[in-house]
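Student: Please read through the structure below; I'll follow up with questions.
We did not get these values from a lab; they are worked out from the coordinates using the rules stated. Keep in mind the model is a prediction, meaning the values are calculated, not measured. A quick note on method: Cβ atoms are made from the backbone with ideal geometry, for glycine too, and the neighbour counts reach across all protein chains shown.
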């Protein structure tokens, strides 16, 4: 049976039926996404590896709780990975020095060859990355900064206001407008 | 107390988990009772989920996947990698042989009882095999149903190598709305710094440049395809070798081509 031809939702069903092959295929598709997100948030490869393993292990244990009508599989995975990474970040209190937390370095890059990833899936993920980077780049700089502090550091509104030395209401507006703009560019188009 | 007012203004921040605790609690209480706001939340969670794609995609160490698969059986009731690697013989026949050996070692009374149980054991195994077979069929029917329920996939144009690059291959993946695309190529010849590859979008014999690109060190590359009109309007695509920066029209050897 060729698992590469099975779509994401069906893979989750198979994982819920205890198929390690399905989990292996899901990892091939989204291991980089989860690892890259954890690494960007935490700034440490070793901890990012732990998070990545935890995310997929959680999928193995909780696959039957996934609801396709509520979120895409990739959204579910990145959500688990981000939450776990931010929990660790908060528990640790500090981040490694010299690690960027913004969007500024997110320039388009050639997609490297990824072992195990179907070329078509790779192309689709590359295209998705281009769309998201373009959408984020279209935001005003102050919205991008506030969004980065919320997304990568897990800061609350008041923490962002303190970090930027801006009024709380201003920060709330920036976050809301940024998310509204991104939704109009990324979600309604799908 | 749950109020009846919608919490739309707070939902984007709730999806990012950046609300203060008391406000997050108020929003959560409202969401529990409001289908409209739950749908709103899902769309913003989708935004948050997609933001991870903006990051450069880095390869985790290869050992990580192996470690994950090894971890499965140790802390879960589900069968894991160790079971997966076992052969059919190891999983099904060896236990029976081990049982026979166990019978040989036991005193006669116990051995007789075990022998009396053998037909029941065989019958139970047969039933289990039939059950697993039926489950497998049902499972793959579910997979088929899920496949059928998926929205139409993105269009994919396969590119094949010319005589200049017979082993090269490529794909153009076109978004569902036909407006965007990504080109992926593999095993194209390495070029010197003065030359680059150029993608041509072809319609009624007219060739429009879609991308100018170079390869990574492994001969593999991907590039965003830009087009003045929807990509699905073009009938075919070609890639040629051109001077660095590209040409107004094809001047060099064609290395890849394909039709929509």
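Student: Can you grab the distance from the C-alpha centre of the stretch A:115-151 to the C-alpha centre of the stretch B:1-59, Å, no decimals?
Tutor: Between the Cα centres of the stretch A:115-151 and the stretch B:1-59 lies a distance of 20 Å.
Student: Give the value in nm², to one decimal: projected area of the alpha carbon convex hull of chain A, averaged over all directions. Each step should come with its number before you reach the end.
Tutor: Details: hull surface 46.7 nm².
That works out to 11.7 nm².
Student: According to a simple spin-label model (label point 7 Å from Cα along Cα-to-Cβ), what is the distance in nm between residue A:17 and residue A:68?
Tutor: 1.3 nm
Student: Would you calculate a helix-derived [θ] at 222 nm for chain A, using -39,500 (n - 2.57) for each DSSP H run of n ≥ 4 and dividing by the full residue count, to the nearest 500?
Tutor: Values: 8 runs with 129 residues, N = 190.
Only helices count here, giving -22500 deg cm²/dmol.
Student: Relative to the longest principal axis of chain A, what angle (0 to 90°, nearest 10) does the C-alpha long axis of helix A:20-42 take?
Tutor: Long axis of A:20-42 versus the principal axis of chain A: about 20 degrees.
Student: Using only atoms on other chains, find how many Cβ atoms lie within 10 Å of each Cβ of peptide A:16-26 and report the average.
Tutor: Numbers: counts 1, 5, 9, 4, 12, 3, 1, 7, 6, 0, 0.
That average works out to 4.
Student: Once the principal axes of the Cα atoms of the stretch A:117-190 are found, what is the range along each, listed largest first in whole angstroms?
Tutor: Largest to smallest, the principal-axis extents are 46, 23, 16 Å.
Student: Once you average over the residues of A:144-157, how many Cβ atoms of partner chains fall within 10 Å of each Cβ?
Tutor: Working: counts 0, 0, 1, 4, 1, 1, 8, 7, 2, 1, 3, 3, 9, 7.
Mean shielding by partner chains, rounded to a whole number: 3.
Student: A further question on this structure: May I ask for the distance between the Cα centers of the stretch B:175-205 and the stretch A:1-70, given as a whole number of Å?
Tutor: Measuring centre to centre over Cα atoms gives 32 Å.
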